[in-house]
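Worksheet: the structure to be examined is printed underneath.
The values are calculated or read from the model by the stated rules, or taken from the named source; none is laboratory data. Being a predicted model, the structure only gives us computed values, none of them experimental. Here the Cβ positions follow ideal geometry from the backbone for every residue, glycine too, while neighbour counts run over all protein chains shown. Just the protein is used for accessible areas: all its heavy atoms, side chains included, with ligands, DNA and RNA removed. Shrake-Rupley method; radii C 1.70, N 1.55, O 1.52, S 1.80 Å.
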Amino acid sequence: EIIVDTVDRAPCFDGVCDSSPQDGATTTTEDVSVASIDDNTNGEEKTPVDSSSTAGEAILRLGSMTGPTVWSEFGRLSQEHDVANLGQGFPDWLPPDFAVESLVSATIDSTKSPHQYTRTAGHPNLVRQLARRYGKHLGQTIDAMNEVAVTVGASQALYLSLQAMVKPGDEVILFEPFFDLYVNQIKLAGGTPVFVPLTFVPYNSGEESNGVNGEEEEITGGTWILEPEKLEKAISSKTRAIILNSPHNPTGKVFTRQEMEAVAKSVINA
């Protein structure tokens, strides 16, 4: 049996961030303590072995880990300061009564036998409804049984998509800033992330205003824009995918039709 002693990087749900490393400490694949336990040694620990020879290829692809994730870091900061944590979605209200009642009703309805394994790509009733909804949105007919798959959240959907599409040597474009999960999912698939920064434009840019006492006016807001030439420079024959979500995570930016068309044009011309 192989026991891997590594850092728990779960979010700080309980207000205690044990996942934060000690000051100045870093964790790499070479730092992971791996011990081998043999049944014939009465549970005694053998000499630690080199982690580079025991770690799987996917783990080695991630490279060094230098600190907590954005989840645990924002969780820690929100506990230290009296602020609203916008880093994660923590609803502070209960679901509406009709939703709770429908869930209870579904779980006790023996005529529909809900306590069985369902269809692996999604319950038939659910995928049919999704096909209707997205068929209207996309303006085309969607085959519910062959073109819709239900996953455990968007993170798993992205992971499975990258695993299915990306090969070692492929490149995947990310628009900066981006949710930190994307980078490691690309690396796990064997791909290389390529970064295209969005440009922040203050609302008061171009306005001649000296503010108070001749000082520059404080920036209180703005918008993020995609400059097509930056994308055209980053995309190549190695590009396998572009991760684009609108509204964008984490800025909330909604890509304009012109920007979407610029992305499509870059893909066609690559």
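What the table shows:
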| read-out | value |
| --- | --- |
| Of all accessible heavy-atom area on segment 80-157, the percent that carbon and sulfur account for (1.4 Å) | 58 percent |
| GluC sites (Glu not before Pro) restricted to DSSP loop in segment 213-270 with at most 12 other C-beta within 10 Å | GLU215, GLU216, GLU218 |
| Sorted peptide list for 93-99, 103-109, criterion being average Cβ within 10 angstrom, highest first | 103-109, 93-99 |
| Listed residues ARG119, ARG132 arranged by accessible area, highest first, probe 1.4 Å | ARG132, ARG119 |
| ³J(HN,Hα) computed for each position of segment 185-190 - Karplus, 6.51 cos²θ - 1.76 cosθ + 1.60, integer Hz, glycine/proline x | 5, 5, 5, 4, 7, x |
| Dipole of segment 149-270, positive end: most advanced residue of ILE235, PHE179, THR256 [Cβ charges, Cα centre] | ILE235 |
| Separation of the SER246 and GLU57 label points, Cα + 7 Å toward Cβ, nm | 3.7 nm |
| Alpha carbon convex hull of segment 153-203, projected area averaged over orientations, nm² | 4.1 nm² |
| Under 20 Å from the Cα of LYS253 - lysines, other chains or at least 8 residues apart | LYS230 |
| For peptides 170-180, 148-158, sequence by mean Cβ density within 10 Å, most packed first | 170-180, 148-158 |
| Segment 140-196 - percent relative contact order, Cα under 8 Å, separation 6 or more | 35 percent |
| Residue-normalised accessible area of segment 78-172, given per residue in Å² at a 1.4 Å probe | 82 Å² |
| Label point distance in nm, ILE225-LYS238, each placed 7 Å from Cα along Cα→Cβ | 3.0 nm |
| Rounded to the nearest 10 Å², the accessible area of LYS167 at probe 1.4 Å | 110 Å² |
